[in-house]
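Q: The following block contains the structure, expressed as structure tokens.
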There are 2 protein chains.
Amino acid sequence: MKKSLLSVVMLMEAISAMASVGITSPSGLLRIDVDVDSAGTPVYSLDYKGKQIISPSKLGLNADETKFTDGFTIIGTDTCTVDRSWQPVWGEYSNIRDHFRELAVHLKANNPERVMTVRFRVFDDGLGFRYELPEQEKNNYLTLRDEVTEFNFTDNHTLFYIPGDYDTDEYLWSETTFKEMPEALGNYRRHSEAQRAQGNIIQTPMLIKTAGDTPVYVNLHEAALVGYPAMLLDVDIDNYDFKSHLVPDRLGVSAYLQMPFATPWRTLIVSDDARDILASQLIYNLNEPSKIADTSWIKPMKFMGVWWEMFTGNVKTWAYSDDYLAKPGITDYSQLKSNGHHPANTENVKKYIDFASEHGIDAVLVEGWNEGWEDWASYRKNRQFLFDKAYPDFDVDELREYGKKKGVKLVMHHETAANAADYALQLDRAFQFMKDNNYDAVKTGYVGAIIPRSEHHTSQWMVDHVLDVAKRAADYQIMVDSHEAPRPTGLCRTYPNWLAQESARGGEFESFGGNPPSHTTMLPFTRLKGGPMDYTPGLFQTDLSYYGEGKTSKAGTTLARQLALYLTMPSPMQMACDLPENYERFPDAFKFIEDVPVDWSDSKYLEAEPNRYITVARKDKYSDDWYVGAITDDNARTAMVDFSFLPVGVKYDVTIYEDAPDADFRTNPQAYRIRTQKVTSKTKLKQPLAPGGGVAMRITPIK
Amino acid sequence: MKKSLLSVVMLMEAISAMASVGITSPSGLLRIDVDVDSAGTPVYSLDYKGKQIISPSKLGLNADETKFTDGFTIIGTDTCTVDRSWQPVWGEYSNIRDHFRELAVHLKANNPERVMTVRFRVFDDGLGFRYELPEQEKNNYLTLRDEVTEFNFTDNHTLFYIPGDYDTDEYLWSETTFKEMPEALGNYRRHSEAQRAQGNIIQTPMLIKTAGDTPVYVNLHEAALVGYPAMLLDVDIDNYDFKSHLVPDRLGVSAYLQMPFATPWRTLIVSDDARDILASQLIYNLNEPSKIADTSWIKPMKFMGVWWEMFTGNVKTWAYSDDYLAKPGITDYSQLKSNGHHPANTENVKKYIDFASEHGIDAVLVEGWNEGWEDWASYRKNRQFLFDKAYPDFDVDELREYGKKKGVKLVMHHETAANAADYALQLDRAFQFMKDNNYDAVKTGYVGAIIPRSEHHTSQWMVDHVLDVAKRAADYQIMVDSHEAPRPTGLCRTYPNWLAQESARGGEFESFGGNPPSHTTMLPFTRLKGGPMDYTPGLFQTDLSYYGEGKTSKAGTTLARQLALYLTMPSPMQMACDLPENYERFPDAFKFIEDVPVDWSDSKYLEAEPNRYITVARKDKYSDDWYVGAITDDNARTAMVDFSFLPVGVKYDVTIYEDAPDADFRTNPQAYRIRTQKVTSKTKLKQPLAPGGGVAMRITPIK
């Protein structure tokens, strides 16, 4: 497989221009064809089960120095078939098959001479392709303005998407046809600090459900986003076409490149069975194997957090002081007066540690522990946060020793206020401080407008920065959970210490008006394809008016559904987001959170329809237990749980955490029941789900 | 002296609007008057010896959020007199008097309410003033667009200046009147990678020589540039006025500020004796005392460098490989083939160490030791240089041990290719690598366009970055010599490990067409007022055609003048720039470089005229020896050396390194003579200087 790009191209130079070329997936389900049109522009098309999914669509890159868009002839091709498997450090499967046929199309143009390879990998569940620019004869530097990759669909399909934005992905999902898109996008107000892309522009990952009686589902995203900006999609609603829209920096440049260079893979996960979209490991397969040799220190975890307290009302604060309320802007931190409602204090953190220790929760995240929150979003300072300077009421030494004694780790929080430039300057010191104090996981945050001020959250420089942070963390054997970072593209395969990211509208929005139940039926089809999400499930007190602090937000969920999310939103860094006192009110339900693993040897998607429902079974990586989770949208539903995934002849006890018959996320979210029954591989269970509800099951072999 | 800004302002609120206020310098030589005009704009004027130097000139700051430009009344003033002295870690003097009268003018405006203090310190050799924005009642964040400080002169004076530029100061000096400025600026082509400010815009430090029979010299610059962009000057040639022009970032913002905040000091060094301009320590006095408590590790040094070899012709390279010549852009450094003419190799560095050890030179700088030079100016890479990855022919371990054995330090080179963002990410590792390998000084470089791409070399972010680097270096007890950094403003008082900067057209230009002799008669009047320069004197082989490698450049200097520069361009980090083999050809002349100190207890400027000549005497800090240096422009001159600076009654031997009678920088630069004579404090010596020549003297008491 490993050949020098250059030598391949040289070899092919002698060959005269070729006709169109094509390749099928190993089983023949998918087929791509590649050609150059009359202008010498490379085009590709995609068939699935003999039907055209993508009509001829242009390929190319457009730089100030050179255009790789037209004048090309195909001067050669390479093909090969690969069938191999690999074992992730953590994930939904303990073994992943990487099975594809590859077609590398070598292109050449003259005046000036340019060579480019487009490499396709066609799997039975989709494909990826990328541009490879080998070393050129003349100029090897590019100031990239544009990538002109098209994805031309053929009908007014149904689309599932969030608005295009250079800085954030924390949106709710729209489900519309191409034609209906402008109205849906028009409903979004501009994000206050972000730069929403104007026009019919959406983000990846997004999902397409083709029109017609036998719909095909297509997840469109990218894999291995390294040294390149994130991709948005310009949508031509009249012709049903998408075109890549690279996130530019604030000077209007998409990427500064040096050849040889390969772009990220443009990925299409394709199936007429929606469950296959969820099961696909295609994006991971298109990423490089782990670059971390010793991964023994990478440990999936459940964690709680001094965090939700700040979302339950207006009183608890990340900031130690309220001085900033009277007067915006604080510079003299030595003068701060305690506001008396700062949860990141030693005593309170100890309570969380105690609770975590008693309930087998591995770690406690503490937000608001370090100086800087009084004016954290100022965008005016060269330095906002020091990552080794705690507030006076947070005793790092005492908590280090207390955590050790109780066998509970602390997770550090590095909110950067989006000053990535300054975070870089502090990074080694911050990580050393963590190691010195027994922290081995960090949640990073980039809230606000990015510094360096030339950058967006998803422009090339920030893509590099966030990966640099994950790599540097690995040097210190630190695990990373990135928030407000570019949406994931499977890089956690290559850097498995990068356990999770936010990169979508997460559970925190349950306190800002709520997430509709359908939201978590979309995320696994889209956002999760690139990597796990720190969604923060486990919300038991779903009605925030409970706190009597002016909040009226109601979460779009039943309590039982929150347990199901541990299965439908798998993550090796999984939160139990609610307050200890709320868990103490529902200890039988909390038992599921105590029990549920965060790492799996196998997963079976039993039912799935985007924006509607998901039912999934997963096998614990370290026992013979299985777990099932099912969720629905705001409609009640009966999930069909076919236990045929269990080994034949073994009997199991099932503990079922379900919505009570009168449960409803709107009116009675905390009504749940716990019951047990026995099952075998022959059992088929009709499991009712309340509106906005869900079910979680623990399935234990009977000894 | 230390009062809370806020409390002062509060105190003054009760006082009704005041009439104009004024203050004189301690001896009464200078006087400033401050008032508000009919629009409520603060104005100041400056008199020197009873004559107006600066007519009423506006003061103010202009931000998106608030304008601090008009509507003001004076609500109070504070005055005080300070007379104190301090002892620098190194410098031209071992004791510096800081003697001034201070006037703080407290201003208030309504609708919206704004408070501002303008603080003036008036010394007998000039003044500084700055804006202080205390915490405001409402908004405390500023997005600064403009500072409207005016310096309104009164006649068509002679000006000495270089063009305004956001990215570089490596220009030759113009000497013109206001009226002649456009023609002089028009002669400069745009710097290839920098963004030259368009229009009649010049940089500070610059010098004014007033018109008339009794000219007054005024150096205009700034002190303590921290958290703010560098200042250029917009010039109104019709009205003889300057107005501050802050360097913006590429988004057009000058500074992001949070109050309370104090700007840098705007400084005017004023005297009718040009020698006072050279002697003035005003800019240092306006900087904070050392923030480094233990300065015992800061050691002024002389150093040589594997460096000039790369300037003598087209053959020797920083790069290890020539592959980039055939094909621009290299990414795979593991494949490099040695070009055989890479001076930063172990064997060659040892030769320099040997020479330095034999001749009492403290250290050897090595440029081109680390990977990345093959495409170092690409501006395309996230990472250009690794600061702990040597080229294969540079053996870090072997040279560490060899240097230790020989008692010679190595100076590390950190060329960043202007990727300051990535340098920040590597900084701790780079400095730790230095300490691990016995380096305690670094030369930093920022050649090219800055990354972060929002920034210029002298915009606010880079000002912060370069100071951050100096501070971080101090944490590792590392001394810093910054190249391509914002021009210095006396911060080396506060951070005395920041030994030197380039920040002007240095000796390297002798290989790019040469520096005219007048250049080094200007730098001490301008550039050097902010801090020492790594000018790289000591060039003995001044005609580069000597190397027979296509170079024809001739340096604008005689050999003797090069020795004089060690006195006229004082620096605690002073290079002997030429090749060991050239020094071996002139061992008697090199003896002066061996002997000359780099740290002084006293300095006496004997003669001076900008752009013409300088004669200075300095006393060694660690012996009773004195040294004299004198230089002229391209005209021959007779320097008058009045030895009355010597203690009365002591006899001295003087060794004089002078131009030979037939010396001329154009035709016979290497003609020098060394002679000795005896002197006392009564001696007056007429010392001929050749065109482009100079003289250096070592004066030793006869025991």
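The values are calculated or read from the model by the stated rules, or taken from the named source; none is laboratory data. What you see is a predicted model, and the numbers here were worked out from it, not measured in a lab. Every residue, glycine as well, gets a Cβ built from its backbone with ideal geometry; the counts of neighbours run over all protein chains shown. Accessible surface is based on the protein model in full, side chains and every heavy atom, while ligands, DNA and RNA are left aside. Shrake-Rupley method; radii C 1.70, N 1.55, O 1.52, S 1.80 Å.
Q: Being among the aliphatic types (A, V, I, L, M), surrounded by fewer than 20 Cβ atoms within 10 Å (Cβ to Cβ), part of a strand (DSSP E or B) and out of contact with any helix residue (DSSP H, G or I) (no Cβ under 8 Å at 6 or more places or on another chain), is that true of even one residue in region B:633-648?
A: Residues of region B:633-648 that are among the aliphatic types (A, V, I, L, M), as a first pass: B:636, B:639-641, B:646, B:648.
In the following step, the residues that additionally are surrounded by fewer than 20 Cβ atoms within 10 Å (Cβ to Cβ) were identified as B:636, B:640, B:648.
Still in the running and part of a strand (DSSP E or B): B:640.
Right, trim to out of contact with any helix residue (DSSP H, G or I) (no Cβ under 8 Å at 6 or more places or on another chain) and you get B:640.
Scanning region B:633-648 turns up at least one residue that is among the aliphatic types (A, V, I, L, M), surrounded by fewer than 20 Cβ atoms within 10 Å (Cβ to Cβ), part of a strand (DSSP E or B) and out of contact with any helix residue (DSSP H, G or I) (no Cβ under 8 Å at 6 or more places or on another chain).
Q: Now for a separate question. Go through (1) farther than 24 Å from B:PRO26 by Cβ; (2) open to solvent by 30 Å² or more (accessible area, probe 1.4 Å); (3) touching a residue at least 40 places away in the same chain (Cβ under 8 Å) and name the single condition B:LEU142 misses.
A: Unmet condition: (2).
Q: Taking the criterion of being closer than 24 Å to B:LEU467 by Cα, assigned to a helix (DSSP H, G or I), within 14 Å of chain B (Cβ to nearest Cβ) and open to solvent by less than 10 Å² (accessible area, probe 1.4 Å), would at least one residue in region A:449-456 satisfy it?
A: No - not one qualifying residue is present in region A:449-456.
Q: I've got another one for you. Could you tell me whether A:LEU220 is crowded, with 24+ Cβ neighbours inside 10 Å, in contact with a Phe, Trp or Tyr (Cβ under 9 Å, 6 or more places away or on another chain) and more than 14 Å from chain B (Cβ to nearest Cβ)?
A: Details: crowded, with 24+ Cβ neighbours inside 10 Å: yes; in contact with a Phe, Trp or Tyr (Cβ under 9 Å, 6 or more places away or on another chain): yes; more than 14 Å from chain B (Cβ to nearest Cβ): yes.
When the stated conditions are applied, A:LEU220 passes them.
Q: Sort through B:THR416, B:THR444 and tell me the only one that's within 14 Å of chain A (Cβ to nearest Cβ), touching a helix residue (DSSP H, G or I) at 6+ places or on another chain (Cβ under 8 Å), polar (S, T, N, Q) and free of Cβ contacts under 8 Å to residues at least 60 places away in the same chain.
A: Details: B:THR444 fails: within 14 Å of chain A (Cβ to nearest Cβ).
Result of the check over B:THR416, B:THR444: B:THR416.
Q: Report the residue count in region A:437-448 for those that are of a type in the set (S, T, N, Q) and either crowded, with 21+ Cβ neighbours inside 10 Å or under 18 Å from the mean Cα position of the chain (by Cα) (or both). Steps first, please.
A: Filtering region A:437-448 down to residues of a type in the set (S, T, N, Q) leaves A:437-438, A:444.
Still in the running and either crowded, with 21+ Cβ neighbours inside 10 Å or under 18 Å from the mean Cα position of the chain (by Cα) (or both): A:444.
Total satisfying the criteria: 1.
Q: Considering each residue of region B:124-147, count those that are touching a strand residue (DSSP E or B) at 6+ places or on another chain (Cβ under 8 Å), in a loop (DSSP other than H, G, I, E, B) and either within 14 Å of chain A (Cβ to nearest Cβ) or basic (Lys, Arg) (or both), and give that number.
A: Kept after step one, since they are touching a strand residue (DSSP E or B) at 6+ places or on another chain (Cβ under 8 Å), are these residues of region B:124-147: B:124-134, B:136, B:140-147.
Right, trim to in a loop (DSSP other than H, G, I, E, B) and you get B:124-125, B:134, B:136, B:140.
So of that shortlist, the ones also either within 14 Å of chain A (Cβ to nearest Cβ) or basic (Lys, Arg) (or both) come out as B:134, B:136, B:140.
Residues flagged as touching a strand residue (DSSP E or B) at 6+ places or on another chain (Cβ under 8 Å), in a loop (DSSP other than H, G, I, E, B) and either within 14 Å of chain A (Cβ to nearest Cβ) or basic (Lys, Arg) (or both) within region B:124-147 amount to 3.
So that you can scan it fast, the table gives a plain yes or no per residue for (1) modelled with pLDDT under 95; (2) among the β-branched types (Val, Ile, Thr); (3) in a loop (DSSP other than H, G, I, E, B); (4) surrounded by fewer than 20 Cβ atoms within 10 Å (Cβ to Cβ):
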| residue | (1), (2), (3), (4) |
| --- | --- |
| A:GLY538 | no, no, yes, no |
| A:GLN541 | no, no, yes, no |
| A:GLU549 | yes, no, yes, yes |
| A:THR552 | yes, yes, yes, yes |
| A:ARG561 | no, no, no, no |
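Q: Give just the number: which of (1) outside any strand (DSSP E or B); (2) open to solvent by 40 Å² or more (accessible area, probe 1.4 Å); (3) away from chain B (no Cβ under 14 Å) does A:PRO88 not satisfy?
A: With respect to (1) outside any strand (DSSP E or B); (2) open to solvent by 40 Å² or more (accessible area, probe 1.4 Å); (3) away from chain B (no Cβ under 14 Å), A:PRO88 is out only on (2).
Q: Condition first: farther than 30 Å from B:VAL463 by Cα and within 13 Å of another protein chain (Cβ to nearest Cβ). Can you find one or more residues in region B:341-362 that meet it?
A: No, that holds for no residue.
Q: For the structure I just gave you, tell me whether A:TYR605 is open to solvent by 10 Å² or more (accessible area, probe 1.4 Å), on the phi < 0 side of the Ramachandran plot and not in a helix (DSSP H, G or I).
A: On the way: open to solvent by 10 Å² or more (accessible area, probe 1.4 Å): yes; on the phi < 0 side of the Ramachandran plot: yes; not in a helix (DSSP H, G or I): yes.
Answer is yes for this residue.
Q: Count, please, the residues in region B:381-392 that happen to be open to solvent by 40 Å² or more (accessible area, probe 1.4 Å) and either among the small types (Gly, Ala, Ser) or over 17 Å from B:ALA430 (Cβ atoms) (or both). Let's see the steps before the verdict.
A: Step one: list which residues in region B:381-392 are open to solvent by 40 Å² or more (accessible area, probe 1.4 Å), which gives B:382-383, B:386, B:388-389, B:392.
The next check asks that each one be either among the small types (Gly, Ala, Ser) or over 17 Å from B:ALA430 (Cβ atoms) (or both); those that pass are B:392.
Number satisfying all stated conditions: 1.
Q: Within region B:257-294, track down each residue that is in contact with a Leu (Cβ under 7 Å, 6 or more places away or on another chain) and within 14 Å of chain A (Cβ to nearest Cβ).
A: Hits for region B:257-294 are B:LEU257, B:MET259, B:PRO260, B:PHE261.
Q: Which of (1) small (Gly, Ala, Ser); (2) over 27 Å from B:SER553 (Cβ atoms); (3) part of a strand (DSSP E or B) does B:ALA630 not meet, given it meets every other one?
A: The one condition B:ALA630 does not meet is (2).
Q: With the condition kept exactly as written, say whether any residue in region B:295-310 is in a loop (DSSP other than H, G, I, E, B) and either within 14 Å of chain A (Cβ to nearest Cβ) or at pLDDT below 95 (or both).
A: Here is the first cut: in region B:295-310, the residues in a loop (DSSP other than H, G, I, E, B) are B:295-300, B:307.
The next check asks that each one be either within 14 Å of chain A (Cβ to nearest Cβ) or at pLDDT below 95 (or both); those that pass are none.
Among the residues of region B:295-310, not one is in a loop (DSSP other than H, G, I, E, B) and either within 14 Å of chain A (Cβ to nearest Cβ) or at pLDDT below 95 (or both), which makes the answer no.
Q: Out of region B:457-486, which residues are over 23 Å from B:HIS221 (Cβ atoms), within 13 Å of chain A (Cβ to nearest Cβ) and not hydroxyl-bearing (Ser, Thr, Tyr)? Before you say what the answer is, go through the steps one by one.
A: Step one: of region B:457-486, the residues over 23 Å from B:HIS221 (Cβ atoms) are B:472-479.
The next check asks that each one be within 13 Å of chain A (Cβ to nearest Cβ); those that pass are B:472-473, B:475-476.
Scanning region B:457-486 gives B:ARG472, B:ALA473, B:ASP475.
Q: Which residue out of B:GLU371, B:GLU401 is away from chain A (no Cβ under 14 Å), charged (D, E, K, R) and open to solvent by 50 Å² or more (accessible area, probe 1.4 Å)?
A: So the residue among B:GLU371, B:GLU401 that is away from chain A (no Cβ under 14 Å), charged (D, E, K, R) and open to solvent by 50 Å² or more (accessible area, probe 1.4 Å) is B:GLU401.
Q: How many residues are within 21 Å of A:SER45 (Cβ to Cβ), open to solvent by less than 40 Å² (accessible area, probe 1.4 Å) and among the aromatic types (Phe, Trp, Tyr) when one looks only at region A:237-273?
A: Total meeting the criteria: 2.
Q: Filter region A:608-627 down to the residues that are in a strand (DSSP E or B) and within 24 Å of A:LYS651 (Cβ to Cβ) and list them by number. Spell out how you get there, then give the answer.
A: Here is the first cut: in region A:608-627, the residues in a strand (DSSP E or B) are A:608-609, A:613-620, A:626-627.
Matches in region A:608-627: A:THR615, A:VAL616, A:ALA617, A:ARG618, A:LYS619, A:ASP620, A:TRP626, A:TYR627.
Q: As an exercise: evaluate A:ASN111 against (1) part of a strand (DSSP E or B); (2) open to solvent by 10 Å² or more (accessible area, probe 1.4 Å); (3) of a type outside the set (Asp, Glu) and give the number of the one condition it does not meet.
A: Only one criterion is unmet by A:ASN111, namely (1).
Q: Just name the residue that is surrounded by the most Cβ atoms within 10 Å (Cβ to Cβ) out of those in region A:417-436 that are among the polar types (S, T, N, Q) and more than 25 Å from A:ASP362 (Cβ to Cβ). Steps first, please.
A: We begin by selecting, within region A:417-436, every residue among the polar types (S, T, N, Q); these are A:419, A:426, A:432.
Keeping just the survivors that are more than 25 Å from A:ASP362 (Cβ to Cβ) gives A:419, A:426.
Values: A:ASN419: 26, A:GLN426: 23.
Among those that are among the polar types (S, T, N, Q) and more than 25 Å from A:ASP362 (Cβ to Cβ), it is A:ASN419.
Q: Then there is this: Of these, B:VAL349, B:VAL364, which one is more than 21 Å from A:ASN139 (Cα to Cα), open to solvent by less than 10 Å² (accessible area, probe 1.4 Å) and in a helix (DSSP H, G or I)? Outline the logic, then answer.
A: Working: B:VAL364 fails: in a helix (DSSP H, G or I).
The unique qualifying residue is B:VAL349.
Q: Only residues that are more than 19 Å from B:ALA500 (Cα to Cα) and of a type in the set (D, E, K, R): list them for region B:579-601, please.
A: Our first condition is that a residue be more than 19 Å from B:ALA500 (Cα to Cα); within region B:579-601, this holds for B:579-592, B:594-595.
Once the filter is applied, which keeps residues that are more than 19 Å from B:ALA500 (Cα to Cα) and of a type in the set (D, E, K, R), region B:579-601 yields B:GLU581, B:GLU584, B:ARG585, B:ASP588, B:LYS591, B:GLU594, B:ASP595.
Q: For region B:91-101, which positions are surrounded by fewer than 19 Cβ atoms within 10 Å (Cβ to Cβ) and either on the phi > 0 side of the Ramachandran plot or not basic (Lys, Arg) (or both)? Even if it seems obvious, please write down each step before you answer.
A: Here is the first cut: in region B:91-101, the residues surrounded by fewer than 19 Cβ atoms within 10 Å (Cβ to Cβ) are B:94-99.
If the condition is that a residue be surrounded by fewer than 19 Cβ atoms within 10 Å (Cβ to Cβ) and either on the phi > 0 side of the Ramachandran plot or not basic (Lys, Arg) (or both), then B:SER94, B:ASN95, B:ILE96, B:ASP98, B:HIS99 are the ones that fit.
Q: Looking at region B:502-517, is at least one residue within 17 Å of B:VAL89 (Cβ to Cβ), more than 14 Å from chain A (Cβ to nearest Cβ) and not hydrophobic (A, V, I, L, M, F, W, C)?
A: The first filter runs over region B:502-517 and keeps only residues within 17 Å of B:VAL89 (Cβ to Cβ), leaving none.
No; the residues of region B:502-517 include none that is within 17 Å of B:VAL89 (Cβ to Cβ), more than 14 Å from chain A (Cβ to nearest Cβ) and not hydrophobic (A, V, I, L, M, F, W, C).
Q: I'd like the full set of residues that are farther than 23 Å from A:TYR333 by Cβ, of a type in the set (A, V, I, L, M) and in contact (Cβ under 8 Å) with a residue 60 or more places away in the chain, limited to region A:282-321.
A: Within region A:282-321, A:LEU282, A:ILE283, A:LEU286, A:ILE292, A:ILE298, A:MET301, A:MET304 qualify.
Q: For region A:23-68, enumerate the residues that are assigned to a loop (DSSP other than H, G, I, E, B), in contact (Cβ under 8 Å) with a residue 40 or more places away in the chain and under 30 Å from A:LEU257 (Cα atoms). Show your work before the answer.
A: Step one: of region A:23-68, the residues assigned to a loop (DSSP other than H, G, I, E, B) are A:25-29, A:37-41, A:49-50, A:59-60, A:64-66.
If we keep only those that are in contact (Cβ under 8 Å) with a residue 40 or more places away in the chain too, we end up with A:25-27, A:29, A:40, A:49, A:59-60, A:64-66.
Within region A:23-68, A:GLY40, A:LEU59, A:GLY60, A:ASP64, A:GLU65, A:THR66 qualify.
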